[in-house]
Amino acid sequence: MIVSQVLAIIIFVVMFVLIVLDKIERHIVTLGCGLLTLLLVFGLTMHSGSAIMETLNVKSIFTPGFWYSAGEAESSSGINWSTIIFIAGMMVMVEGMARAGFFQWLCMNLAKLVHYKPVPLFITFMLISAVLSMFIDSITVILFLAAVTVELGKLLKIDPVPMILSEIFCANLGGSATMCGDPPNIIIGTSLGYSFGDFLTNTGVMAGISLVLIVFYFYFAFRKELAQESANGFVPENLPDPKSVIQNKRDFAISCVIFACAVVLLVTHAQTGLTVAFIGLVIALITLITSGRHMLLLLQRVDYKTLLFFVGLFVVVSGLEQTGILEVVAGFIGTVSNGNLKLIVAIIIWLSAIASAFIDNIPFAATMLPVIRSLAATQGIDPSTLAWALSMGTDIGGSATPIGASANVVGISVAAKNGHFIGWGKYCKYSAPATVIVVAVSMLFMFVRYC
Amino acid sequence: MEKQVIVSISREFCSGGHIIGESIAKTLGLGFCDRNILDEIAQRNNIRIEYLEKYDEKPRNLILSRRVGAFSNSIEDIISEMQFEYLRDKALNGESFVIVGRCADSVLRNYKCLIPIFVMGDEEAKIAEACRRYNISREEAINKIRRHDRTRKQYHNRYSERKWGDSRYYDMCVNSSKLGIEETATLLTEYIRQRIDKF
């Protein structure tokens, strides 16, 4: 067992290092390391065919519970196919919405609604960033929001950087509020059997309270810039009509209806019993069927690399899980905290936040999930308490640095391509304190409510 | 010039590649691109030129940068991409020019009119040139050459699958110390003329 444990750790560390170095595409890294886990850890050292089968987890897809079983954990170990199918479905839906011009239309309409005034625009875009990220992945939200912000910045002669920084933060914050907002939440939710409502009434409340604080925080952080821009009050006469971004009214209407259906299905999935895998598949199929001749284009634009990244990642993490490494980690946290729930929550949330500020939060959450499961079992703690701590830590921690979350990278890149460079110093000056505030508030909230 | 021709010059530090590029451009009446393309990019995007110069032809910081699909938070990556776009536009517009560095041998590799050249030099000749150009000691010159060549290699290999200085990826690799900078430029100009005739 020692040999397999050592091998599993080596493969895991190599995978992380290669992801950070970014020399090889990350899906190739995780798939390669996943293959090594199957061959060396499960095959050569453990001689365990059952461990391989459990990790590949293919048969779970063919069980009724995979598609219809509200409130039950869909997979305990191995590749989390629910997460992968759901994310793939959402990717197809988002591509359809983007093609129809939904995001630009929404942003331009909101800007028009607040008469292009800097302060209301600043606050409205923060709020819409958070709300959209509750249902759509934050990368897409920021991709469109940052692009519109840059365009508005040019037209209104305002610096878009304060808005982009606050939008990025709110996108990550909004993502933490729901089960489908951020990949760690989907992994946590599907693995531990939590519903959309469970997330909304726990992490959602923390995210809501934090959002209020954060709107004030960013307003005060950028008050000088906002005051100056408000004083300028420049609004050109020929601003583009929001309707002009809609390429095809029929496609636009369909994408709005599909998005509304997705939101309703997700919000009610605990009541209907439909799993997120089912919802993802149905939404993808409806989007594809209604897209007509653009069907192939939508399928081509799905980010298959990210899906493959998940497949490899789950296999590598299974290597750690099956060899008992993660139980050792859980045991260590249990010993250090001496069974003190407050201390355990504090360790999980801060450890997750600090780690996610520098490394990808998806592999971190996938790795920590078996740890909290084991910790909850050995210490007799409600696993949901630790799940919310892990969720808030991984989702919010990523906001602290430019590399902590994908949305940060996309937002910074969009700004820089338009001549607005955001370096580490500038980014961390505003977003790191905001991250500390939200993590601290979430921890205190958890102490009061769960401990 | 009727036919489009693009000459990319990759070069070792203090090998005279830049001067050779300028000479070729002047003799053949071609546009010359080097660090000066940053001026246009700065003007086009309303960015301070000093900012672009600070990160020009520098490899990204491995630990402090991350890539998500086509997006990167690395300023080095973004400035490089801006330069690559500029070169692609220029080539697409049918312009003929000589470009020094900027990974052009790789960025414009699909153009049949591209003539990629690599200029190297003898170690001693490069050290002497560095001492003369920067008024520094031999030791400092050696370190400076190593540092610059390492940076150029890392920068090039970051954005290209082709390795910097690998003779398989250039139409001509030439040691400028053997004939001297002036004669090397003359030789390369003649080579380019003959290549253009065969386009």
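The values are calculated or read from the model by the stated rules, or taken from the named source; none is laboratory data. A quick note: this is a predicted structure, and the numbers were derived from the prediction, not measured. FYI the Cβ positions are ideal-geometry reconstructions off the backbone, even for glycines, and counts take in every protein chain you see.
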Can you list the helices (runs of 4 or more DSSP H) found entirely within the stretch B:95-163 that contain at least 2 residues being within 18 Å of B:Met82 (Cα to Cα) and in contact with a strand residue (DSSP E or B) (Cβ under 6 Å, 6 or more places away or on another chain)? B:104-107
Of (1) in contact with a Phe, Trp or Tyr (Cβ under 9 Å, 6 or more places away or on another chain); (2) within 14 Å of another protein chain (Cβ to nearest Cβ), B:Arg109 fails just (2)
Restricting attention to the stretch B:12-52, which residues are away from every other protein chain (no Cβ under 14 Å) and of a type in the set (Lys, Arg)? B:Lys26, B:Arg35
If you go through the stretch A:423-439, how many residues are surrounded by fewer than 23 Cβ atoms within 10 Å (Cβ to Cβ) and within 9 Å of chain B (Cβ to nearest Cβ)? 2
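Report whether or not A:Ser413 is crowded, with 24+ Cβ neighbours inside 10 Å and free of Cβ contacts under 8 Å to residues at least 40 places away in the same chain. I'd like the intermediate steps shown before the answer.
Values: crowded, with 24+ Cβ neighbours inside 10 Å: yes; free of Cβ contacts under 8 Å to residues at least 40 places away in the same chain: yes.
Answer is yes for this residue.
Being within 11 Å of another protein chain (Cβ to nearest Cβ) and in contact with a Gly (Cβ under 7 Å, 6 or more places away or on another chain): is that true of A:Gly411 here? If you could, list the steps in order and put the result at the bottom.
Working: within 11 Å of another protein chain (Cβ to nearest Cβ): yes; in contact with a Gly (Cβ under 7 Å, 6 or more places away or on another chain): no.
Judged against the criteria, A:Gly411 is not a match.
Which helices (runs of 4 or more DSSP H) sit wholly inside the stretch A:55-172 and have at least 2 residues that are buried (at least 21 other Cβ atoms within 10 Å of the Cβ)?
Working: elements: A:64-67, A:81-100, A:102-113, A:118-133, A:138-156.
Those helices (runs of 4 or more DSSP H) span A:81-100, A:102-113, A:118-133, A:138-156.
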Looking at the stretch A:390-401, is at least one residue within 14 Å of chain B (Cβ to nearest Cβ), out of contact with any Lys or Arg (no Cβ under 7 Å at 6 or more places or on another chain) and surrounded by fewer than 24 Cβ atoms within 10 Å (Cβ to Cβ)? yes
Please pick out the residue among A:Ile10, A:Ile24 that is within 14 Å of chain B (Cβ to nearest Cβ) and surrounded by fewer than 16 Cβ atoms within 10 Å (Cβ to Cβ). A:Ile24
Which one of the conditions (1) of a type outside the set (Ser, Thr, Tyr); (2) surrounded by fewer than 24 Cβ atoms within 10 Å (Cβ to Cβ); (3) modelled with pLDDT under 95 does A:Ala365 fail to meet, given that it meets all the rest? (2)
Just a yes or no: is a residue in the stretch A:24-40 under 18 Å from A:Ile403 (Cβ atoms), within 27 Å of the chain's Cα centre (by Cα) and in a loop (DSSP other than H, G, I, E, B)? yes
Residue in the stretch B:27-38 that is β-branched (Val, Ile, Thr), free of Cβ contacts under 8 Å to residues at least 40 places away in the same chain and either assigned to a helix (DSSP H, G or I) or at positive phi (or both) present: no
Only residues that are surrounded by fewer than 17 Cβ atoms within 10 Å (Cβ to Cβ), assigned to a helix (DSSP H, G or I) and among the polar types (S, T, N, Q): list them for the stretch A:264-289, please. A:Gln271, A:Thr272
Filter result for the condition that a residue is at pLDDT 85 or above, out of contact with any Gly (no Cβ under 9 Å at 6 or more places or on another chain) and over 30 Å from B:Asp122 (Cβ atoms), over B:Ile75, B:Ile20, B:Ile24, B:Ile79: B:Ile79
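For residues that are closer than 20 Å to A:Val371 by Cα and modelled with pLDDT of 90 or more, tally how many sit in the stretch A:193-206. Steps first, please.
Pass one, the stretch A:193-206, residues closer than 20 Å to A:Val371 by Cα: A:193-194, A:199, A:203.
With the extra rule that they be modelled with pLDDT of 90 or more, the set shrinks to A:194, A:199, A:203.
Going through the stretch A:193-206 one residue at a time, the tally reaches 3.
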For the stretch A:297-315, which residues satisfy the criterion of being assigned to a helix (DSSP H, G or I), within 14 Å of another protein chain (Cβ to nearest Cβ) and under 15 Å from A:Thr140 (Cβ atoms)? A:Thr306
Identity of the residue in the stretch A:440-451, of a type outside the set (Ser, Thr, Tyr) and under 22 Å from the mean Cα position of the chain (by Cα), that ends up surrounded by the fewest Cβ atoms within 10 Å (Cβ to Cβ): A:Ala440
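Hey, among the residues in the stretch B:53-94 that are part of a loop (DSSP other than H, G, I, E, B) and in contact (Cβ under 8 Å) with a residue 40 or more places away in the chain, which one's farthest from the other protein chains (Cβ to nearest Cβ)? I'd like the intermediate steps shown before the answer.
Taking the stretch B:53-94 as the starting set, the residues that turn out to be part of a loop (DSSP other than H, G, I, E, B) are B:56-66, B:69-70, B:73-74, B:93-94.
So of that shortlist, the ones also in contact (Cβ under 8 Å) with a residue 40 or more places away in the chain come out as B:57-60, B:94.
Working: B:Glu57: 17, B:Lys58: 14, B:Pro59: 12, B:Arg60: 9, B:Gly94: 25 Å.
Within the stretch B:53-94, the match that is farthest from the other protein chains (Cβ to nearest Cβ) is B:Gly94.
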Yes or no: the stretch B:13-23 includes at least one residue that is crowded, with 20+ Cβ neighbours inside 10 Å, more than 30 Å from B:Lys198 (Cβ to Cβ) and over 14 Å from the mean Cα position of the chain (by Cα). no
Can you find a residue that is small (Gly, Ala, Ser), more than 16 Å from the chain's Cα centre (by Cα) and within 30 Å of A:Gln322 (Cα to Cα) anywhere in the stretch A:102-116? no
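Every residue, every condition in (1) modelled with pLDDT of 90 or more; (2) out of contact with any helix residue (DSSP H, G or I) (no Cβ under 9 Å at 6 or more places or on another chain), yes or no:
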{"residue": "A:Arg301", "(1), (2)": "no, no"}
{"residue": "A:Leu307", "(1), (2)": "yes, no"}
{"residue": "A:Val316", "(1), (2)": "yes, no"}
{"residue": "A:Val329", "(1), (2)": "no, no"}
{"residue": "A:Thr335", "(1), (2)": "no, yes"}
